[in-house]
1. For the Cα atoms of the chain, what angle does the longest principal axis make with the long axis of helix 27-46, in degrees from 0 to 90, nearest 10?
2. What FRET efficiency comes out for the pair GLU133/GLU173, r = Cβ-Cβ distance, R0 = 25 Å, nearest 0.05?
3. Could you give the nm distance between label points at THR43 and GLU116, where each point is 7 Å from its Cα heading toward the beta carbon?
4. Normalise the Debye intensity by I(0) for segment 150-190, one equal point scatterer per Cα, no solvent, then take log10 at q = 0.19, 0.28 Å⁻¹ and round to two decimals.
5. Highest mean first, what order results for 172-182, 119-129 on Cβ atoms within 10 Å?
6. Taking the convex hull of the Cα atoms, report for segment 65-123 its projected area averaged over all directions, in nm².
7. How high is the relative contact order of segment 80-204? Use alpha-carbon pairs under 8 Å, at least six apart in sequence, and give a whole percent.
8. Output the 0 to 90 degree angle, nearest 10, between the alpha-carbon long axis of helix 138-154 and the longest principal axis computed from the alpha carbons of the chain.
Amino acid sequence: FSRSDNRPKAIAALLHAGRDAEGLPAYRTAVDLLRRWWELAETELAAGGGKGIRRSALQATLALARIGAIFGAYPHAEAARAAARGRELAESLGDTNALAQLLYFHGEITIVGDQEAFARGLALAEESVRVAENARHPMTALSLARGVAILYALDGRFAEARSSCARVVQALEAAGHRETASDLYVSTRWINDNILYLSDGLDE
């Protein structure tokens, strides 16, 4: 389909294939499929594609930014471009949940791509939490706050890191995540232990 003139069908097929590849995980293959998906969606947008194509392009940029930020499987410059474009698309669609995630991923990509830009990247990550909280996406806000906590630790701001992570743990426990051992809860406890290790809280 991606070699045919049926662009809508190609976009749908690349969407499913890209997600399947990411889930395996096969990140290089996923990046190739997602990049082609994004390019086709942008071509359709330039030709007057509607809201559905815009949302499809948003999903592609969000996936590429996530893979670039978390797994480093997408070149930083390209991942930053995907994150920036994704933010534009999320804002135009009013998708605050996607916007919050893209702000965080853009922050991480900025930090890894240019260590001199740590403060700028951290500011984007902090903004991501505010956007998610203001738009009332509590689980997204907690997930992003967990990431910001480790960024504080990497910046040597251990008191803020510990306080931030503790708030996430407390909120998740209040919502019953300890009992279900959710992925978010387990990973937050793992990050909390890493923060304690980095700040010499070995007894804790």
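The values are calculated or read from the model by the stated rules, or taken from the named source; none is laboratory data. Remember, predicted model here, so these are calculated numbers, not experimental data. Here Cβ is always computed from backbone atoms with ideal geometry, including for glycine, and neighbour counts include all displayed protein chains. Calculation scope for accessible area: heavy atoms of the full protein, side chains included, ligands and nucleic acids excluded. Shrake-Rupley method; radii C 1.70, N 1.55, O 1.52, S 1.80 Å.
1. Roughly 50 degrees, rounded to the nearest 10.
2. E(calc), rounded to 0.05, equals 0.85.
3. 3.8 nm
4. With one equal scatterer per Cα and no solvent, log10 I(q)/I(0) is -0.54, -0.87.
5. Highest-to-lowest ranking by the protection proxy: 119-129, 172-182.
6. 3.5 nm²
7. Computed over segment 80-204, the figure is 17 percent.
8. For helix 138-154, the angle is close to 60 degrees.
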